[in-house]
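Let me begin by presenting the structure, written as structure tokens, before commenting on it.
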Protein chains: 2
Amino acid sequence: MIENVTLIGAGNVAHHLGQALHASGIRIAQIYSRNYHKTKELAELVSAEALSEWEQLKPCDLVVIAVSDQAIPEVAALLSRFLPADTLVVHTSGATPSAIIASHFQRYGVLYPPQTFTIGRELDFSETPICIHAGNEEDMLLLEALGKRIAKSVFRIDDMQRRWLHLSAVLVNNFPNHLYTLAEQVLQDHQLPFELLKPLILETARKVQDHSPSLMQTGPAQRGDQATMEAHLRLLEEYPGVMEIYSIISRNIREE
Amino acid sequence: MIENVTLIGAGNVAHHLGQALHASGIRIAQIYSRNYHKTKELAELVSAEALSEWEQLKPCDLVVIAVSDQAIPEVAALLSRFLPADTLVVHTSGATPSAIIASHFQRYGVLYPPQTFTIGRELDFSETPICIHAGNEEDMLLLEALGKRIAKSVFRIDDMQRRWLHLSAVLVNNFPNHLYTLAEQVLQDHQLPFELLKPLILETARKVQDHSPSLMQTGPAQRGDQATMEAHLRLLEEYPGVMEIYSIISRNIREE
């Protein structure tokens, strides 16, 4: 059983995951990140030791690397200089193969929560599914047990599936947020507050909690309402970027 | 004061608006729609008289036309044959000019709730802003008072602003829902349940309730992470439609 975790990183994922682990009774022994100030801040929240040097690392049951994707290879390499080769080491990235850790540690894996985290923003972590992967069945079971302590659902997802899942997360998170941004701009340019659309945004997201989005599609493109689409495209002559997005998504909806 | 409303239509908007009016103590006297079965169903919910013929229409304080956009002109014309010319008549459409009613009634207006309604799906109507417009100040005040009985916020929005608002509603409702649909498909093709993304979808919508979406943008495009974007585009060779949407939105995010 995993009782003693070392956390690398002090950003959004490290904060939320660290606090969830701590709250579930798992001991975060040590935290290291590039920024000692941030390390200390998080360490205080989860009663951990804040490290300023790699050399201070002590053996533990699990190391969780929650740093930016680009930094993972370097961190894995550094860890291998200070920790036993049989330490279980996982990263939390949706876009990074587990092989990057496997080249330094025999026991490697992934603990990926497909969620958008913001430091200081409250979120019920237990609602976020935890996607796990490990190089062997024993470690898979260890991660599964750990995942179940902090989340209601734990899924075994291999590297290839995780790539697709991460891509899909971009489609449902980054892209809708960009559409919200475009709408906010358009409204602002016409003296309309973004408040007007907030309940609609929330209800759109709520609907697909209970129903397949494929059955919830509405709007001019869905019903083939050419008049409205043409009127929208004429309005959008002032916004060529939005116009392009409007045309392509509308066409894609019609072709479904 | 408006105390006595006639409702035309028995679809999603008519259902939710009718029930909100009824719950606030406003009397829905009569309902007419093309489908008598649906008319009766809604009439029973709001203690109204279900009409089967236009000829049965009686004078009232306000007529609310909650039918499809294309049917509004015909309905307005028909109403003018059976109701006094000084009846206040409004529609609930985001995409339809108020002039369509003005050509039949001196007292005309709009009562537009920018929301996505589904019959049978519970929704706190009072959270949805009501956008009103009327041909004169007196009717504006009447609609404002009515709006405040069923919603926390009422906005005066002229025809041109309402067009922009409706267009923006497509951006934040129809288009994100299509992106959810694409993600569901991609996941399904790789033996992954859509459940995995539901908490992320909800949190993405919740975040912009408190923060401007322009400050909440994350993801590979936002941070200029070419490696991840190229990896995603390579994956998407199987999905040319999704690939096109991915490229264009990513480019648009980078150019912001």
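The values are calculated or read from the model by the stated rules, or taken from the named source; none is laboratory data. All values derive from a computational prediction rather than experimental measurement. For neighbour counting, all protein chains shown are included, and Cβ atoms are generated from backbone atoms with ideal geometry for every residue, glycine included. Calculation scope for accessible area: heavy atoms of the full protein, side chains included, ligands and nucleic acids excluded. Shrake-Rupley method; radii C 1.70, N 1.55, O 1.52, S 1.80 Å.
Roughly how big is the B-A contact, given as buried accessible area in Å² (both sides, 1.4 Å probe, nearest 100)?
Answer for the B-A pair: about 8800 Å² buried.
Note every residue of the range B:140-168 with a reduction of at least 20 square angstrom in accessible area, all protein chains present versus the isolated chain, computed with a 1.4 Å probe, or write none.
Going by heavy-atom accessible area, the residues of the range B:140-168 that drop by at least 20 Å² are B:155, B:157, B:161, B:163, B:164, B:165, B:166, B:167, B:168.
Can you tell me the orientation of helix B:36-45 relative to chain B, as the angle in degrees between its alpha-carbon axis and the longest Cα principal axis, to the nearest 10?
Between helix and principal axis, roughly 90 degrees.
Taking the Cα centre of the protein assembly as shown as origin, sum charge times position over the Cβ atoms of Lys and Arg (+1) and Asp and Glu (-1), and report the length of that vector in debye to the nearest 20.
In total the dipole reaches around 360 debye.
Test of understanding: in a Gaussian network model of chain B with alpha carbons linked when under 10 Å, which of B:125, B:82, B:194 would top the mean-square fluctuation ranking?
Result: B:194 has the largest fluctuation of those listed.
In the Gaussian network model of chain A, springs joining C-alpha atoms below 10 Å, which of A:110, A:46, A:208 carries the largest mean-square fluctuation?
Result: A:208 has the largest fluctuation of those listed.
Dipole size in debye (nearest 20) for the range B:166-250 around its Cα centre, Lys and Arg Cβ +1, Asp and Glu Cβ -1?
320
Toward the positive end of the charge dipole of the protein assembly as shown, about the Cα centre and with charges on Cβ (Lys, Arg +1; Asp, Glu -1), which of A:131, B:112, A:16 goes farthest?
A:16
Starting from 0 in steps of 20 Å, tell me what percent of the Cα-Cα pairs of the protein assembly as shown lands in each bin.
Using 20 Å bins, I get a P(r) of 22, 44, 25, 8, 0 for the protein assembly as shown.
Connecting C-alpha atoms closer than 10 Å in a GNM of chain A, tell me which of A:93, A:214, A:33 has the biggest fluctuation.
Largest GNM mean-square fluctuation: A:214.
Please work out the average accessible area per residue across the range A:4-157, using the 1.4 Å probe convention, and give it in Å².
Averaged over the residues of the range A:4-157, the accessible area is 42 Å².
Any idea what diffusion coefficient the range B:1-86 gets from Stokes-Einstein, in µm²/s, Kirkwood Rh on alpha carbon pairs, 4 °C, 1.567 mPa s?
Answer from the Stokes-Einstein relation: 102 µm²/s.
Probe radius 1.4 Å, ligands and nucleic acids left out: which of A:108, A:36 has the largest accessible area, and how do the rest follow?
A:36, A:108
Carbon and sulfur: what percent of chain B's accessible surface (1.4 Å probe)?
49
Probe of 1.4 angstrom, ligands and nucleic acids ignored: what's the accessible area per residue over the range B:163-255, in square angstrom?
It amounts to 37 Å² per residue over the range B:163-255.
What is chain A by shape, rounded, prolate or oblate, if you read a ≥ b ≥ c off the alpha carbon gyration tensor as root eigenvalues and call it rounded for a/c under 1.5, prolate for a/b larger than b/c, and oblate otherwise?
prolate
Would you work out which of B:222, B:232, B:173 lies farthest towards the positive end of the dipole of chain B? Charges go on Cβ: Lys and Arg +1, Asp and Glu -1.
B:173
Going from most exposed to least, what order do B:160, B:216 have by accessible area with a 1.4 Å probe?
B:160, B:216
Cα to Cα, under 18 Å, and not fewer than 8 places away if on the same chain: which aspartates and glutamates meet these conditions relative to residue B:198?
A:122, A:124, A:127, A:203, A:210, B:184, B:189
Counting each DSSP H run of 4 or more residues in the protein assembly as shown as -39500 (n - 2.57), what helix-only mean residue ellipticity at 222 nm follows after dividing by all residues, to the nearest 500 deg cm²/dmol?
-14000 deg cm²/dmol
Which order do A:1, A:243 take by accessible area at a 1.4 Å probe, largest first?
Largest to smallest exposure gives the sequence A:1, A:243.
Over all residues in B:183-191, what is the mean tally of Cβ atoms on other chains that come within 10 Å of each residue's Cβ?
Mean inter-chain Cβ contacts per residue within 10 Å come to 6.
Determine the gain in length on full extension of the stretch residue B:44-residue B:141; use 0.36 nm per residue of separation and subtract their C-alpha separation, reporting nm with one decimal.
31.9 nm
In the range A:226-244, which residues give up 40 Å² or more of accessible area once the other protein chains are added, compared with their chain alone (1.4 Å probe)?
A:232, A:235, A:244
What is the dipole size for chain B, taken about its Cα centre, with +1 at each Lys and Arg Cβ and -1 at each Asp and Glu Cβ, in debye to the nearest 20?
The dipole magnitude comes to about 240 debye.
Dividing the alpha-carbon radius of gyration of the range A:163-255 by 2.2 N^0.38 Å (N being the number of residues), what value is obtained?
With N residues counted in the range A:163-255, Rg over 2.2 N^0.38 Å equals 1.16.
Seen from all sides and averaged, what is the projected area of the convex hull of the Cα atoms in the range B:1-145, in nm²?
Its average projected convex-hull area is 7.5 nm².
Per residue of B:92-100, count partner chain C-beta atoms within 10 Å of its C-beta, then hand back the mean as an integer.
1
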